[in-house]
Every structure is written in structure tokens, then in C-alpha cells.
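Contents: one structure, followed by commentary.
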Amino acid sequence: MELHNLKPAKGSVKKGKRIARGQGSGKGGTATRGHKGAKSRSGWSRKRNFEGGQMPIQQRLPKRGFKSPNRVEYVPINLDRLQAIAEKAKISEITIEALIKHNIIKKNDKVKVLGGGELTTKIDVTLHACSDSAKAAIEAQGGVVNLI
């Protein structure tokens, strides 16, 4: 047996229907597409939201709301979470690089410290934003808040 002798198994390969190849084929004339209309033409495809000419639902429903292109999304981190991170990683200074290293945030995230929970040790924080209550709690323990 060699490459030029190989053939598929008998009956495994079928010929496709030859549509629009003359009247003798039985699939000539309209080529199984019916008579006239958009669906019989080449290049026809139904639009994604087409509902048969009825007003599509996204046009029937009212517009509502607004998304500001200038909104800044912060990842919130509470004081008790900062405390847990500092104890687990045995660090006293929390920076963006430290949070990325310990898989708490992603590379492009912005972080805001919030005042939930309690802080029991001195921690220096260098992040993007900080609430007033969190800043007061950090400074009460002798820590420093630096904003990027």
C-alpha cells in the first residue's frame, strides 16, 4: 500500500447537491429558493434584530440612563483587609506593587482605601485614593497615607 493507492471507504464520501445547474438536475429554475423576494437574492442575510418588519424591541423600549466616559473605577479595600494583608505578607508598607505581587489587584486597577473595620498596627499606605475616615484611622495608629 502506498499513498497513491489510498481511497476513502466505500460509501463514506457523498457528492454535494448540485443546485442551480439546469432543469435536468431537478434543482434548476429557482434553485430551491422559491419565487422572488429578498430571500431569493444572492447576498441576503437577515439583520440581527429583524422581527419581520415589526418594530424591533430595542426601538420600542425607551432609552434610559447615562454612562460617563470619564468615570474612574476604584477597587475598594477596607481597613480590616489591609490589616489582614499586612499580617499575612508580613509587611508594614502597602503599595500598588505589593498588592499586585500578592494577587489582590490587577496591574491597571486603581485602589481606594475605605474605613470599614479596624486597624491595630502601624501601616504606611501608598495608593490612588483614600476616604477621610480611613486616613484618620491610619494616622491614629502612626501610619502615613501617600496618594499617587
Being exposed (fewer than 10 other Cβ atoms within 10 Å of the Cβ), modelled with pLDDT of 90 or more and assigned to a loop (DSSP other than H, G, I, E, B) is the requirement here; does R64 meet it?
yes
Within segment 90-99, residues of a type outside the set (S, T, Y) and either over 27 Å from the mean Cα position of the chain (by Cα) or part of a loop (DSSP other than H, G, I, E, B) (or both) come out as K90, I91, E93, I94
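The values are calculated or read from the model by the stated rules, or taken from the named source; none is laboratory data. Computed from a prediction, not measured in an experiment: that's the story for all the values here. Here Cβ is always computed from backbone atoms with ideal geometry, including for glycine, and neighbour counts include all displayed protein chains.
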